[in-house]
Amino acid sequence: MKVDDILSSPFSFTRRAEYIPCDTRASWKCALAILIIGITGKDFTCSLKKIHTANWILKSKTHLKYFDEWPAKNSLFPPGVRMDPSIDRAIELLAASGHLEKSNGKLSLTDGGLVLYNGLSNEGVMLKEKEILISLKRKLSEAAVERIFKAR
């Protein structure tokens, strides 16, 4: 078979969907960071460690269960929270777009970030994540998060 034989026959290109896991998409991570700050933050402000902890908890049921049971167990081993570079990139995107403000080691939603948070809160999106964050709001205090990182 020659190239001319292939090119002289009809052909077409079809764009195929490329699977990208949602937790690696920048827009999804940005929305998640906004929800974490909005739901668990005091006055729409929280630490980077808290955002990473909440992100880690939301990754699996095992993480959620371990975090939920850890204080009652008085275990010497804290939850193995992993820092996720994609959440750092999302935070940088949010800060660059004016939705987030960094000051004194804390991250706060700006007026634009509050508008985004309210929009996400009122939409039927990320329902599982919202439910988990709301249920863990008390346990995800800054003191609890610091305790996790100091116990290492």
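The values are calculated or read from the model by the stated rules, or taken from the named source; none is laboratory data. Remember, predicted model here, so these are calculated numbers, not experimental data. Don't worry about glycine lacking a Cβ; one is built from the backbone with ideal geometry, like all the others, and counts go over all protein chains shown. Just the protein is used for accessible areas: all its heavy atoms, side chains included, with ligands, DNA and RNA removed. Shrake-Rupley method; radii C 1.70, N 1.55, O 1.52, S 1.80 Å.
Mean residue ellipticity at 222 nm, helices only, the chain: -17500 deg cm²/dmol; runs of at least 4 DSSP H residues each add -39,500 (n - 2.57), and the sum is divided by the number of residues. For F149, the accessible surface of its heavy atoms amounts to roughly 40 Å² (probe 1.4 Å, protein chains only, rounded to the nearest 10). Carbon-plus-sulfur fraction of the accessible area of the chain, 1.4 Å probe, in percent? Heavy-atom surface of the chain belonging to carbon and sulfur, 1.4 Å probe: 56 percent.
Phi angles across the stretch 102-117 convert, under the Karplus curve 6.51 cos²θ - 1.76 cosθ + 1.60 with θ = phi - 60°, into 3J(HN,Hα) values of 9, 7, 6, x, 10, 10, 10, 6, 7, 4, x, x, 5, 4, 5, 4 Hz, Gly and Pro given as x. Subtracting the Cα-Cα distance of E123 and E18 from their residue separation scaled by 0.36 nm leaves 35.2 nm. Calculated accessible area for the stretch 12-114 comes out at 59 Å² per residue, all protein chains present (probe 1.4 Å; ligands, DNA, RNA ignored).
The charge dipole of the stretch 61-112, taken about its Cα centre with unit charges on the Cβ of Lys, Arg, Asp and Glu (plus for the first two, minus for the last two), comes to roughly 240 debye. Of the residues A72, L107, Y117, the one whose Cα sits farthest toward the positive end of the charge dipole of the stretch 68-152, with +1 on the Cβ of Lys and Arg and -1 on the Cβ of Asp and Glu, is A72.
Output the Kirkwood hydrodynamic radius of the chain, Cα pairs only, in Å rounded to one decimal. Over the chain, the inverse of the mean reciprocal pair distance is 17.3 Å. Shape index of the stretch 19-66: Rg/Rh, with Rg the Cα radius of gyration and Rh the Kirkwood radius from the inverse mean 1/r over Cα pairs, equals 1.00. Taking the inverse of the mean reciprocal distance over all distinct Cα pairs, the Kirkwood hydrodynamic radius of the stretch 59-128 comes to 14.8 Å. The angle between the Cα long axis of helix 61-73 and the longest principal axis of the Cα atoms of the chain comes to about 10 degrees, rounded to the nearest 10.
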